[in-house]
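Novice: Can you read through this structure? Questions will come right after.
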Amino acid sequence: MNIALLVLWAADGWCGTPWPGHPHPHPDPDPWWFRLVGLVGGVVGGWLFSAAWPAGNVEPATYAVVTSLGAFVGGAVLRSFAGLARGGAAQA
């Protein structure tokens, strides 16, 4: 595991791209700590994805792109749980 991959996963988790049909108006009214929850979820999601499907003989760039999907989903799921804990509707 290298620092560049961790930073990529954190950026994917930080990403605030909503799913289609997202009920929030623009700009997103969520507090700043909500983005940090997504950052942590991105790192955890990327790590879990890479642990479940090891790289093997895959090119490093391809591996980074594929694990980014896990990081994005991890960030979205953790942001959804944070939204539910805050008393709102699911975010993703």
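Novice: Inside the range 37-61, can you point out the residues that are surrounded by fewer than 15 Cβ atoms within 10 Å (Cβ to Cβ) and either in a helix (DSSP H, G or I) or in contact with a His (Cβ under 7 Å, 6 or more places away or on another chain) (or both)? Working first, answer last.
Specialist: Pass one, the range 37-61, residues surrounded by fewer than 15 Cβ atoms within 10 Å (Cβ to Cβ): 51-61.
A51, A52, P60, A61 - these are the residues of the range 37-61 that are surrounded by fewer than 15 Cβ atoms within 10 Å (Cβ to Cβ) and either in a helix (DSSP H, G or I) or in contact with a His (Cβ under 7 Å, 6 or more places away or on another chain) (or both).
Novice: Let me ask something additional. Take G75 and decide whether it is more than 19 Å from L5 (Cα to Cα) and surrounded by 15 or more Cβ atoms within 10 Å (Cβ to Cβ).
Specialist: Working: more than 19 Å from L5 (Cα to Cα): no; surrounded by 15 or more Cβ atoms within 10 Å (Cβ to Cβ): yes.
No: the conditions fail for G75.
Read-outs: derived from the displayed coordinates by stated rules, not from any lab. Here the structure is a predicted model, which means the values were calculated and not measured. Note that we place each Cβ from the backbone using ideal geometry, even for glycine, and neighbour counts take in every protein chain shown.
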